[in-house]
Amino acid sequence: MKLKKISVILLAGVLTLGISAVASANGMIYKNSVKPKQANTLDKGYKVVNGNVYDKYGNLLITMKNRFTPDGYTLSPNFSVVYGDNTNEETASSLVSSTGTDIFNGTKGVPKNTNETQGVKLGADFSFTGSEPDLYIEYSSGTMDRVNFSLNNITTGQVVTWFSNVQAGKSRTYSGAYNSSRSGDTFNVKANGQGGSGNVTLTVKTVPHS
């Protein structure tokens, strides 16, 4: 009986160590339990490690401070990362004539992304509507290879989406920010340069759902 009891204790110890190893590897399990709203972060294409947000390639996207971004935002429960290899990426030239309401359309100086605290606001605050519930962003041309964008809900103080490494001549669309029960929420879009700073030509607009 004593030997059997010792075996059970040893097995339990091995299982506990196994859980701890997983916790340190993916940054999602703490004290042998899954933190709320973090269990499916890898499915969304990003992961939270030590409180900070990384993309699926291991690149640091947002440095959180006490669960807030440097701009004072939290992450929306539906926060996602839109990548360059996402199927909604299209050449900008194919969407120049797309309908929608311009939030920003022109040339802007953007700062270099060095520690996720940099970002210049593009245009004025805006709201989505039932007829234009999606966001369209485009990087037409500029002095750097890639630009990052963030969509921020000003009303709730949350980052909704991060557009990672948008290449020159490319665009992205995003669905999911509009909520008919919170149609009065206001948003803004900020941008920074990946690997450098300089003037870039950008477009931000709300568009009908495709």
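The values are calculated or read from the model by the stated rules, or taken from the named source; none is laboratory data. Since we're looking at a predicted model, the values are computed, not measured. Reconstructed Cβ throughout: ideal geometry from the backbone, glycine too, with neighbour counts over all protein chains shown. Ligands, DNA and RNA are excluded from the accessible area calculation, which covers all protein heavy atoms including side chains. Shrake-Rupley method; radii C 1.70, N 1.55, O 1.52, S 1.80 Å.
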How do the peptides 101-111, 135-145 rank, highest first, by the average count of neighbouring beta carbon atoms within 10 Å per residue? 135-145, 101-111
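Take the Cβ-Cβ distance between T99 and T74 as r, set R0 to 35 Å, and report the resulting FRET efficiency rounded to the nearest 0.05. Intermediate results must be reported in sequence, preceding the final value.
On the way: r = 33 Å, r/R0 = 0.94.
Calculated transfer efficiency: 0.60.
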Could you give the length gained by full extension between S141 and N59, i.e. 0.36 nm per residue of separation minus their alpha carbon distance, to one decimal place? 27.1 nm
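Give, in nm to one decimal, the length gained when the segment between S127 and T201 is fully stretched (0.36 nm per residue of separation minus the Cα-Cα distance).
Working: separation 74, 0.36 × 74 = 26.64 nm, distance 2.26 nm.
Gain on extension, S127 to T201, equals 24.4 nm.
Order the following by accessible area, largest value first: R182, R146. Probe radius 1.4 Å; ligands, DNA and RNA are ignored. Please report the intermediate quantities before stating the final value.
Details: R182 105, R146 85 Å².
Highest to lowest solvent-accessible surface, that is R182, R146.
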Here, I154 and N52, labelled 7 Å along Cα→Cβ, have an inter-label distance in nm of 3.0 nm
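Between R67 and T107, what is 0.36 nm times their sequence separation minus the Cα-Cα distance? Round to one decimal in nm. Before the final figure, lay out the partial values.
Numbers: separation 40, 0.36 × 40 = 14.40 nm, distance 3.30 nm.
11.1 nm is the gain from fully extending R67 to T107.
Could you sort 47-60, 160-173 so that the peptide with the highest average Cβ count within 10 Å comes first and the rest follow in order? Walk me through the numbers on the way to the answer.
Working: 47-60: 14.6, 160-173: 20.7.
Result, highest mean first: 160-173, 47-60.
Note down the net charge around I103, summing +1 for each Lys or Arg and -1 for each Asp or Glu among other residues with Cβ under 11 Å from its Cβ.
Values: positive: K121, K205; negative: D102, D125, E132.
Surrounding charge for I103 is -1.
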